[in-house]
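Reviewing the structure listed below.
The values are calculated or read from the model by the stated rules, or taken from the named source; none is laboratory data. From a predicted model like this one, the values you see are computed outputs, not experimental measurements. Every residue, glycine among them, receives a Cβ derived from its backbone with ideal geometry; neighbour counts consider all protein chains shown. Side chains are part of the model used for accessible areas, which takes the heavy atoms of the whole protein and leaves out ligands, DNA and RNA. Shrake-Rupley method; radii C 1.70, N 1.55, O 1.52, S 1.80 Å.
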Amino acid sequence: MRLLLVWLLACVGSIIMAQEVSTAAKANSRAVIEGIVTKDPDSQPVKKAIIELIAENQAEGGDYTATTGVDGSFRIENILPGRYHLFAERTGLLDSGRQHSQQGRILTLAAGQEVKDLQIRLQASAVIRGRVTDEDGDPMRDAEVSVFRPTFVSGRRHWEQAGAERTNDLGEYRIANLAAGNVYVSVSPPPDFRSLIEAAGAAANQPRAAEKPSTSYQTTFYPGTTDRSQAASIQLHSGDDYPINFSLIPAPALSIHGSVVNLPQHTTATIMLQSRDFNVVMNGAEMHKDGSFVIRDVSPGSYTISATVDGAPVPMMARQSLQMGSNNVDGLRLAPQPGAVVHGWLGFESNGARKASEISLALRSLDGDADDSIVTSTDAFTNLAHVAANGSFEWKDVPPGNYYVQMLHDTDENAEWYIKSALAGGRDVNESGISVNGGAVMLDLVASADGGNVSGVVLDNKSQPVANAIVAAVPDVRLRGHADHFKKTVSDQSGHFSLRGIRPGNYTVFAWESVDGDAYYNPDFLKTFEGQGKALGISEREQQTVQLTAIPEPEDQP
């Protein structure tokens, strides 16, 4: 009996020791981070800040949170190895680094690694407030005041909304939680439904010659202009409480007069006006029985006008760029055409043991004045296509234009795949583009994961590693209209980076301390940095290691 008891105790001890060893091994395979959150400019600790650690590859890593203590410190344990985005949030405070607001800080964590002394600096957000009145000084209720930040989206200049509020019954507004930087402010008057109804009735019942010049309140930009090109920027600083008042005065309203032609019988068309500056639908109109239409109360700016046919046997649409200055537009003619069908098959090269059904494709525009977001704004066409299990894909109702096909990388596992060739009529149109002008286009696509890899480190001019630098591989000039030929990543806390799945070709690799949006797609932006990148020739499956010197952030940026 005593021997049995000893044996049982030994077994229990072995189990406990095995569990302790397993727990220790598990702990050694995990990472730990710790640091402190402070507030600029006096470096006071920030308590109750929420720390979020988000895995870049959700299939391999995890998501973790922590809250800072009274001394501003935080610690996160048992982190799976991998690459992560680190964010810090606190009401009324924002990250002092501009590039950290969208993607956070980048951390690469190895098994058993302990990253200590992380320093996260927050600063007070800014506020813009004021009042909107009419020409008599009376408050204007429900006017929308918007704050815009100039940036780049896919290389095109774009105004990104940073905040917006409607005025209350006193005409007051307050827009909070704004980051420091260069912004523009506009106010749009509330809809005047009475005048819209009267104008619609007049347009339907009166001949064009009987129309009278109209006035209306228009979208107005600080300091008081309806022309966006004349708007003045405001330099916001941390903690600013910036007052801006607007007084809206009725002004002659710009209008667009046109007609829709070549319509099938018993059909009508819906006309939409979309701002290219703000990427939103600004106005619309119904087509009259004679095919004519009028869009009123248009502010100066760049637009895309479209006519979508309702009731046609097949979807039809016309689309045209339009620049509004100080004069009305007369005699505009829109001729809708049936959209094309672009379809085909996707195959995989070399180590392509992929499930076709896991892949999505995007049809991207190569036309200089086109914008994918505008192309996809109609119900008839979407530029996204899901690949079927047998490798087939299809886009319907594609507007006329020049396009290329891009593979979408929904997971890190797909990031190395790219379209190697695109055959149309026996000719490779992967670089020249796919010409679409009605009818049907058959494509034979081949995808490859045999691109090259470039890794290395980003250093400053004192040979110190630069964290969170923007690293981009930029292709030859002739291919810079293809966004999928670019590769971009961010350096981690040690300045290390890795660009994977680069299609073979010649590139210039740049590293910037900070970049405004997707500015590296813009040719004019790149001209500024000629000679500051590293030229590389990339072959299939080639591995290269480079050392980059970071291009410093301009001193006049916040």
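With respect to the conditions (1) over 22 Å from W159 (Cα atoms); (2) open to solvent by 30 Å² or more (accessible area, probe 1.4 Å); (3) at pLDDT 85 or above; (4) not acidic (D, E), R296 lacks only one, and its number is (3). Within segment 322-332, restricting attention to residues that are surrounded by fewer than 17 Cβ atoms within 10 Å (Cβ to Cβ) and within 20 Å of T219 (Cβ to Cβ), the residue that is nearest to the chain's Cα centre (by Cα) is Q323.
Looking at I502, I538, I551, just one residue is under 30 Å from S96 (Cβ atoms) and in contact with a strand residue (DSSP E or B) (Cβ under 7 Å, 6 or more places away or on another chain), and that residue is I551. Out of the residues in segment 301-315 that are under 31 Å from the mean Cα position of the chain (by Cα) and modelled with pLDDT under 85, state the one that is least open to solvent (accessible area, probe 1.4 Å). Here the answer is G301.
Here A209 passes the criteria (1) assigned to a strand (DSSP E or B); (2) among the hydrophobic types (A, V, I, L, M, F, W, C); (3) at pLDDT below 75 except the one numbered (1). On inspection, I79 does not qualify as among the β-branched types (V, I, T), modelled with pLDDT of 95 or more and touching a Ser or Thr at 6+ places or on another chain (Cβ under 6 Å).
Of the strands (runs of 3 or more DSSP E) lying entirely inside segment 425-473, those containing at least 2 residues that are farther than 30 Å from K396 by Cα span 452-459. For segment 95-154, a residue qualifies if it is touching a helix residue (DSSP H, G or I) at 6+ places or on another chain (Cβ under 9 Å), among the aliphatic types (A, V, I, L, M) and farther than 30 Å from I36 by Cβ, and exactly one does: V153. Among the residues of segment 281-304, just one is farther than 22 Å from Y217 by Cα and hydrophobic (A, V, I, L, M, F, W, C), namely M287.
Being more than 16 Å from T219 (Cα to Cα) and either under 18 Å from the mean Cα position of the chain (by Cα) or surrounded by fewer than 20 Cβ atoms within 10 Å (Cβ to Cβ) (or both) holds for only one residue in F152, F148, and it is F152.
One residue stands out among those in segment 251-262 that are surrounded by 20 or more Cβ atoms within 10 Å (Cβ to Cβ) and of a type in the set (A, V, I, L, M, F, W, C): the one that is nearest to V329 (Cα to Cα), which is I256.
For A469, the criteria (1) under 26 Å from K420 (Cα atoms); (2) under 26 Å from the mean Cα position of the chain (by Cα) hold in every case but one, which is (1). Here segment 526-548 is the region considered, the condition is being under 27 Å from the mean Cα position of the chain (by Cα) and open to solvent by 40 Å² or more (accessible area, probe 1.4 Å), and the residue that is nearest to K488 (Cα to Cα) is K534. Remark: pairs (first residue in segment 108-121, farther than 14 Å from H85 by Cα; second residue of a type in the set (D, E, K, R) and assigned to a loop (DSSP other than H, G, I, E, B); Cβ separation under 6 Å; 6+ apart in sequence or on different chains) = R121/D40. Which residues, taken from segment 83-121, are open to solvent by less than 30 Å² (accessible area, probe 1.4 Å) and farther than 22 Å from I234 by Cβ? Hits for segment 83-121 are Y84, L86, A88, H100, G104, I106, L107, L109, V115, L118, I120. Answer yes or no as to whether A285 is of a type in the set (G, A, S), buried (at least 19 other Cβ atoms within 10 Å of the Cβ), modelled with pLDDT under 85 and under 24 Å from P399 (Cβ atoms). Yes; evaluated as a whole, the condition is true for this residue. When restricted to residues that are in contact with a Gly (Cβ under 9 Å, 6 or more places away or on another chain) and free of Cβ contacts under 8 Å to residues at least 60 places away in the same chain, segment 28-47 contains 3.
A count restricted to segment 450-478 and to residues that are in contact with a helix residue (DSSP H, G or I) (Cβ under 9 Å, 6 or more places away or on another chain) and either crowded, with 19+ Cβ neighbours inside 10 Å or over 23 Å from S539 (Cβ atoms) (or both) stands at 6. For G130, the stated conditions do not hold, so it cannot be described as in contact (Cβ under 8 Å) with a residue 40 or more places away in the chain and outside any strand (DSSP E or B).
Checked against (1) modelled with pLDDT of 90 or more; (2) over 33 Å from the mean Cα position of the chain (by Cα); (3) surrounded by 12 or more Cβ atoms within 10 Å (Cβ to Cβ), A27 meets all criteria but (1). You will find that of A176, A124, the residue that is in contact (Cβ under 8 Å) with a residue 40 or more places away in the chain, of a type in the set (A, V, I, L, M, F, W, C) and open to solvent by 40 Å² or more (accessible area, probe 1.4 Å) is A176 and no other. Could you tell me which residue of segment 503-547 is farthest from V466 (Cα to Cα), considering only residues that are among the hydroxyl-bearing types (S, T, Y) and in a loop (DSSP other than H, G, I, E, B)? Among those residues, the one meeting the criterion is S539. Per the listing V70, V147, the residue uniquely assigned to a strand (DSSP E or B) and among the β-branched types (V, I, T) is V147.
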